[in-house]
């Protein structure tokens, strides 16, 4: 399967997940695909029917969603401009490096897919390093150095050890692209302002429809990755999705992933002891047989 075909297939799969109208659809998804590409998806649930049921006319609903879309467009435009500025000003990069990075990141206008259920943005990257460089504010060599550092923590067990990584999701990180708010606050505060300025809804009604609960999803082909996710799904395409529930009030929630490695030293001792025990049993059986034969 070619890279473009693989991305298109995954994009269709992602669309089916995010736009199916399911209230529990992931609102941010990061997937490392089998072909090495990375797909980043942001979905802002803003359900039109929930607003019209509260008496907001459809034209006003449309205007509100268009305003939210414009705000998110600014968020992604800032990401793009920051990326392009760093690519051009990074003296450690050769011209070939610059072409490599620009070719593997979305640099054209990032267009959303707007539906009755909300607003969806999909970004495709050629590799993990493209994703990290696009979404960070680090220069290339600085980023490579950071990524090469092992920040995992080893939790020793008797037979196995856990190699754990812990961090905050995209919803809990303050960035200048979100006006120095967390992404959760950036979405929730603006949605609240839009409804407060453009409708006659009460504070309670506004709170009932403003996006405040989010789902962070991480997709991987590795069946050996474990996590403290609230849900884990395995799809027939070989992808495993780990999902965490995040809220605006708990946007700094720490999430953990880990792999398990065998404690070889313990197993060597166990195998050695088992060997001695087996040898002792064999000697005992042989001894009893000889004794019985003599009698």
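Listed here are the residues, each with its yes/no results for (1) touching a residue at least 24 places away in the same chain (Cβ under 8 Å); (2) outside the structural domain of residue 219 (by TED's automatic domain parsing); (3) touching a strand residue (DSSP E or B) at 6+ places or on another chain (Cβ under 7 Å).
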{"site": "83", "(1), (2), (3)": "yes, no, no"}
{"site": "92", "(1), (2), (3)": "yes, no, no"}
{"site": "97", "(1), (2), (3)": "yes, no, no"}
{"site": "110", "(1), (2), (3)": "yes, no, yes"}
{"site": "114", "(1), (2), (3)": "yes, no, no"}
{"site": "126", "(1), (2), (3)": "yes, no, no"}
{"site": "179", "(1), (2), (3)": "no, no, no"}
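Of all residue pairs spaced 6 or more apart or on separate chains, those with beta-carbon atoms under 8 Å, a first member in the stretch 210-235 that is loosely packed, with under 13 Cβ neighbours inside 10 Å and a second member that is assigned to a loop (DSSP other than H, G, I, E, B) are 234/223.
Checked against (1) over 30 Å from residue 55 (Cα atoms); (2) more than 20 Å from the chain's Cα centre (by Cα); (3) modelled with pLDDT of 90 or more, residue 145 passes all but a single condition, namely (3). Here is the figure for the stretch 92-104: residues that are under 28 Å from the mean Cα position of the chain (by Cα) and in a helix (DSSP H, G or I) total 7.
Among the residues of the stretch 236-255, write down those that are touching a residue at least 40 places away in the same chain (Cβ under 8 Å), more than 17 Å from residue 186 (Cβ to Cβ) and in contact with a strand residue (DSSP E or B) (Cβ under 7 Å, 6 or more places away or on another chain). Write out each step before concluding.
To start, the set of residues in the stretch 236-255 that are touching a residue at least 40 places away in the same chain (Cβ under 8 Å) comprises 237-239, 241, 243-244, 246-248, 251-255.
Still in the list and also more than 17 Å from residue 186 (Cβ to Cβ): 237-239, 241, 243-244, 254-255.
Result: 239, 241, 243, 244, 254, 255.
Looking only at the stretch 191-206, residues that are surrounded by fewer than 17 Cβ atoms within 10 Å (Cβ to Cβ) and in a helix (DSSP H, G or I) come to 6 in all. One residue alone among 107, 74 is surrounded by fewer than 16 Cβ atoms within 10 Å (Cβ to Cβ), modelled with pLDDT under 95 and part of a helix (DSSP H, G or I), and that residue is 74.
Are there any pairs, at least 6 apart or on different chains, whose C-beta atoms fall under 6 Å, with the first in the stretch 37-63 and under 30 Å from residue 219 (Cα atoms) and the second surrounded by fewer than 18 Cβ atoms within 10 Å (Cβ to Cβ), and if so, which? Partner pairs satisfying both residue conditions: 38/128; 48/116. Taking the stated definitions as given, is residue 171 touching a residue at least 40 places away in the same chain (Cβ under 8 Å), in a strand (DSSP E or B), in the same structural domain as residue 190 (by TED's automatic domain parsing) and touching a strand residue (DSSP E or B) at 6+ places or on another chain (Cβ under 6 Å)? The answer is no for residue 171.
Looking only at the stretch 39-46, decide whether some residue is closer than 15 Å to residue 134 by Cβ and part of a helix (DSSP H, G or I). No, the stretch 39-46 has no match at all.
The values are calculated or read from the model by the stated rules, or taken from the named source; none is laboratory data. This one's a predicted model, so the numbers in the text were calculated from it and none came from an experiment. Note: ideal-geometry Cβ built from the backbone for every residue, glycine included; neighbour counts use all protein chains shown.
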